[in-house]
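Okay, structure first, notes after.
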Amino acid sequence: NTVINGLHKSGRYERAKEVFSEMLKSGLSPDSTTYRSLLMEACKKGDAVEVEKIFGDMRSRDVVPDLVCFSSIMSLFARSGNLDKALLYFNSVKEAGLIPDNVIYTILINGYCRKGMISEAMSLRNEMLRQGCAMDVVTYNTILHGLCKRKMLGEADKLFREMTERGLFPDSFTLTILIDGHCKLGNLQNAMELFKKMKEKRIKLDVVTYN
């Protein structure tokens with residue numbers, strides 16, 4: 001495991017696969033840590049075929065993937081727009097007896113938002129909360145971005161209020177999303193109020209915000 005993980009971190013994926021094959025030939029049984037290194041590197045390369053091959057081998061040996069494995073695979077498919085596959089692996093998390101965490105939920109929510117599937121994103125967000133999984137700033141920003149892209153500023157403002165009421169501190173990306181959304185709809189007063197709020201709370205402003 002140490003050797004394979006080291007090769008993975010140094011980007012020597014082909015050599016890591018060779019060591020893995022040698023490991024199997026010697027009669028040693030790989031565990032989730034072994035497979036995780038291979039999966040993460042295959043995901044990094046965007047090789048969906050190799051990812052599914054590794055995952056299939058993993059399951060055939062009754063090795064239960066951990067949440068890091070699932071999040072890496074889901075992220076690969078969600079980024080490429082293959083939400084059916086991402087959802088398939090999301091359901092596999094539960095089938096494996098694991099509890100989806102914030103990262104797992106946010107990956108799929110982001111995939112839905114990028115495709116403009118706001119209803120599905122909000123439905124998953126509601127499921128997330130029902131399961132007792134708290135949203136963080138990244139999750140809120142993901143949905144806010146999706147809402148603003150669809151020009152759903154009323155819903156975005158409502159979600160922003162919920163975020164602050166839950167005690168989460170917005171970052172520069174949060175407010176830049178909302179400012180941009182209001183500007184594009186001509187709501188300059190709302191945009192300036194948000195800009196003023198950023199300065200009052202000493203949130204670091206970047207070039208994107210000023211633009």
- Residue check: is F70 in contact (Cβ under 8 Å) with a residue 24 or more places away in the chain, more than 30 Å from C183 (Cα to Cα) and in a helix (DSSP H, G or I)? yes
- Message: Quick check on region 163-172. Is at least one of its residues modelled with pLDDT of 90 or more, in a helix (DSSP H, G or I) and not polar (S, T, N, Q)?
- Response: yes
- Task: Please state which one of G81, G56, G46 is free of Cβ contacts under 8 Å to residues at least 12 places away in the same chain, of a type outside the set (A, V, I, L, M) and loosely packed, with under 14 Cβ neighbours inside 10 Å.
- Result: G56
- Message: Suppose we filter region 125-143 for residues that are in a helix (DSSP H, G or I) and either in contact with a Pro (Cβ under 9 Å, 6 or more places away or on another chain) or surrounded by fewer than 17 Cβ atoms within 10 Å (Cβ to Cβ) (or both); how many remain?
- Response: 9
- Message: Step by step: first the residues of region 104-124, then only those that are surrounded by fewer than 17 Cβ atoms within 10 Å (Cβ to Cβ) and not polar (S, T, N, Q), then the one that is nearest to V63 (Cα to Cα). Which residue is that?
- Response: K115
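The values are calculated or read from the model by the stated rules, or taken from the named source; none is laboratory data. What you see is a predicted model, and the numbers here were worked out from it, not measured in a lab. Methodologically, a virtual Cβ is constructed for each residue, glycine included, from the backbone with ideal geometry; neighbour enumeration extends over all protein chains shown.
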